[in-house]
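Okay, structure first, notes after.
The values are calculated or read from the model by the stated rules, or taken from the named source; none is laboratory data. On a predicted model such as this, the values are computed, not experimentally measured, just so you know. Cβ placement follows ideal geometry from the backbone for every residue including glycine, while neighbour counts extend to all protein chains displayed. For accessibility, only protein heavy atoms count, side chains too; no ligands or nucleic acids. Shrake-Rupley method; radii C 1.70, N 1.55, O 1.52, S 1.80 Å.
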Amino acid sequence: MRTFDCVLANGRIIDGCGNPWFWGDLGIQEGRVAEIAPPGKLQGKQTLEMGGRFVSPGFIDVHTHSDLSILVNRRAESAVRQGVTTQVIGNCGMSPAPVDETHLSDMQHYWGDISEQPEVTWSWRTFEQYLQALEGGGLAINVASLAGHAALRMAAMGLEERSPTLLELEKMKKLLSEAMEAGAFGLSTGLVYPPGCYAGTEEIVALCQVVKRYGGLYASHIRGERETILEAVAEAIQIGRESGIPVQISHNAPKYGAPCDATANLRLVEEARAQGQDVTVDNDVHTDLAPALVDGLPQHLQELPEAEIQALLRDPKARRQIREEIVADRKPAFGPSGLLKHGQWQRITILHAPRTPDEVGKTVAALAGERGGDPFETYFDLIVENGRAVEAIFDYIDEANIHILLQHPAVMISSDGQVLAPYGFLNDPPPYSPCSYGEFPGVLERYVREVPVLSLEEAIRKMTSFPAQRFGLWQRGVLRPGAWADIVVFDLQRLHDRATNLAPHLYPFENYPHRYPEGIDYVFVNGVMVIDPEGHTAVLPGQVLRQGK
Ligand SMILES: [Zn+2]
């Protein structure tokens, strides 16, 4: 009888394809799932008794921003602790490569404080060099990367608010084909952020035609997810149609200010699919986000140094103009700005305010009441007083839309978070990122076990085989002999997300700072145990995945 490296015995196995669970033993050998058999049939050098716990493919998170944070924390704590074994980075147009000498400081400014961490060496210039930097020190999880449109554009033309010249577009195409050759999985855009918001549809189509040569996809944070959501979904679909590549619409919940619920944007996706176009969607299940207050300002101000922003906001005339621009929203700004546009100040709760700490936990509406002023003015005053450091929780998504998206077969689950850890730089000050710590266990706890919005097997499909299929990771996301042994073992009854914070956000905030979830007992990456019941084993068996290789 064959002896496997490790046997997971007496588990309830979920294959990842949506099929009902079954009782079985699973044998791991040399990084792969070697055999699956009825209970009691397999023998291992190490045998772990599952006692009926669920054995599932590791979760694949297709929408993250861990590009730099995973260099700071190669153990990928917040990801692997929730059962994530593969992350896709380079989303929303933002990848830290390619970058050239001329625009290096723009790029560093773009990524903020993390740019200055010692682990973030900026020793790379090309996309391939960045992938090698990722690989160099080892990673606890697998990583696949998209090439970010903002990086290409910055390298070709800086942060200019105009269309590229022919020469500049050629340069972007050249850099993109280099990235695709290195193993990028496609192109991502962030069409509400600078400089992505300065790009026209034709520019993106031209770049996607390059992606087509390599068999990649187009992933987009579309051009507005509120008032313009339907036009923006239509644009993403048009880009896919004209360039002939699959489209992944990122975190596509309508945000406050949208004229419709999620059935309307999903209908556009269904229509495109009915005509033979491969369009899919991902979404995370949190209804809030906690950006810096400056991120709510018009795009052209966001890249200014803090002191300049504060000076502008001290000038009454400039302040009036900025306010007018926010309300007009001519270049649709990111989701949370809708709360400013529509005066929803009671939905904005202060999270960090280092120079006015007594205001933490209060809404902008309440603060305006205390200060005896107009809430818009209070919002600006908070930035003048605290600079970039002032952050707030913006409640900007309706829970009903989360349910609609979760139940749609073409929607997979992503976190839109990043690798974090409750220690070191990544916790200073503690970021508000429940999705980074609890997305996947949270879905299983709240939307499968407590309120059955979807079945366990369907939820797992949306976290495993479906995202694997989307990115062509054919050896992952399923439990079948031959597949890589990326595996998570969990106890559904004990699963508990300790990174929640449900509205209304009363201070002190619930489960904040965030902690790791409970009930994720084992996580294997490429057959190696990264999480056991004691915690992280400190091994780094992850791979940098390259498309087509
Ligand atoms: Zn985004």
Calculate the length of the line joining the C-alpha centroid of the range 114-134 to that of the range 337-377, in whole Å.
37 Å
If the chain between Glu170 and Asp428 were fully stretched, how many nm would it gain, using 0.36 nm times the residue separation less the Cα-Cα distance?
88.8 nm
So, for the Cα atoms of the chain, Rg and Dmax in Å stand at 22.9, 82
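Report the relative contact order of the range 438-545, percent, no decimals, based on alpha-carbon pairs under 8 angstrom and at least 6 residues apart. Please list the in-between numbers first.
Details: 147 pairs, mean separation 23.7, N = 108.
Relative contact order, the range 438-545: 22 percent.
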Along Cα→Cβ, 7 Å out, is where each label goes; now give me the distance between the ones at Thr356 and Asp315 in nm to one decimal.
2.2 nm
Could you give the angle, 0 to 90 degrees to the nearest 10, between helix 127-136's Cα long axis and the longest principal axis of the Cα atoms of the chain?
50 degrees
For the range 127-224, Rg(Cα) over 2.2 N^0.38 Å is 1.08
Pull out the extension gain between Thr47 and Gln475, defined as 0.36 nm times the separation in residues minus the alpha carbon to alpha carbon distance; nm, one decimal.
151.7 nm
Could you tell me the largest-minus-smallest coordinate of the C-alpha atoms of the range 255-295 on each of the three principal axes, in descending order and whole angstroms?
42, 20, 19
Pairwise centroid distance, computed over Cα atoms, of the range 241-273 with the range 384-422, Å
17 Å
Where Asp497, Asp395 fall by accessible area, highest first, once all protein chains stay in place (1.4 Å):
Asp395, Asp497
Mean separation of Cα contacts under 8 Å (6+ apart) over length of the range 1-149, as relative contact order %:
22 percent
Restricting attention to the range 1-110, which GluC sites (Glu not before Pro) occupy a DSSP loop and are surrounded by at most 15 other Cβ atoms within 10 Å?
Glu30
In sequence order, calculated HN-Hα J values of the range 499-516 (Karplus, 6.51, -1.76, 1.60; Hz; x Gly/Pro):
10, 7, 6, 8, 5, x, 7, 7, 9, x, 5, 5, 6, 9, x, 6, 10, 5
Rolling a 1.4 angstrom probe over the protein chains, ignoring ligands and nucleic acids, what is the accessible area of Tyr516 in square angstrom, nearest 10?
40 Å²
Among Lys45/Lys462; Lys341/Lys462; Lys174/Lys331; Lys362/Lys462; Lys212/Lys549, which pairs are too far apart, with a Cα-Cα distance over 26 Å?
Lys45/Lys462; Lys341/Lys462; Lys174/Lys331; Lys362/Lys462
Taking only the C-alpha atoms, wrap a convex hull around the range 7-115 and report its volume per residue in Å³ as a whole number.
139 Å³
So if I take the alpha carbon set of the range 438-549, get Rg, then get Rh from the Kirkwood formula, what is the Rg over Rh ratio?
1.01
Looking at the range 306-399, which trypsin sites (Lys or Arg not before Pro) are in a loop (DSSP not H, G, I, E or B) and have at most 14 other Cβ atoms within 10 Å?
Arg330, Arg355
I'd like to check one number: the per residue accessible area of the chain, probe 1.4 Å, reported in Å² as a whole number.
36 Å²
Computed label-point distance, nm, for sites Glu161 and Ala37 using a 7 Å Cα→Cβ extension:
6.8 nm
Using every alpha carbon pair in the range 327-430, what percent of pairs falls into each 5 Å bin from 0 up to the bin containing the largest distance?
2, 10, 16, 19, 17, 15, 12, 6, 2, 0
How large, in percent, is the carbon and sulfur part of the accessible surface of the chain at a probe radius of 1.4 Å?
51 percent
Work out the length of the dipole vector of the chain about its Cα centre, built from +1 on the beta-carbon of each Lys and Arg and -1 on the beta-carbon of each Asp and Glu, and round it to the nearest 20 debye.
1080 debye
For the chain, what is the relative contact order in percent, using Cα pairs closer than 8 Å and at least 6 residues apart in sequence?
21 percent
Could you work out how far helix 316-328 tilts from the main Cα principal axis of the chain, as a 0 to 90 degree angle to the nearest 10?
50 degrees
Based on the Cβ-Cβ distance of Arg330 and Leu540, what FRET efficiency does E = 1/(1 + (r/R0)^6) give at R0 = 60 Å, to the nearest 0.05?
0.80
Can you compute log10 of I(q)/I(0) for the range 43-188 with the Debye formula, treating each Cα as one identical point scatterer, at q = 0.10, 0.11, 0.13, 0.14 Å⁻¹?
-0.40, -0.46, -0.61, -0.68
Rounding to the nearest 10 and keeping the result within 0 to 90°, find how far the Cα-based axis of helix 262-274 lies from the longest principal axis of the chain.
60 degrees
Rounded to 0.05, the calculated FRET efficiency for the beta carbons of Thr3 and Gln209 at R₀ = 45 Å is 0.30
Full extension between Arg273 and Arg494 adds, at 0.36 nm per residue less the Cα distance, a length in nm of 75.7 nm
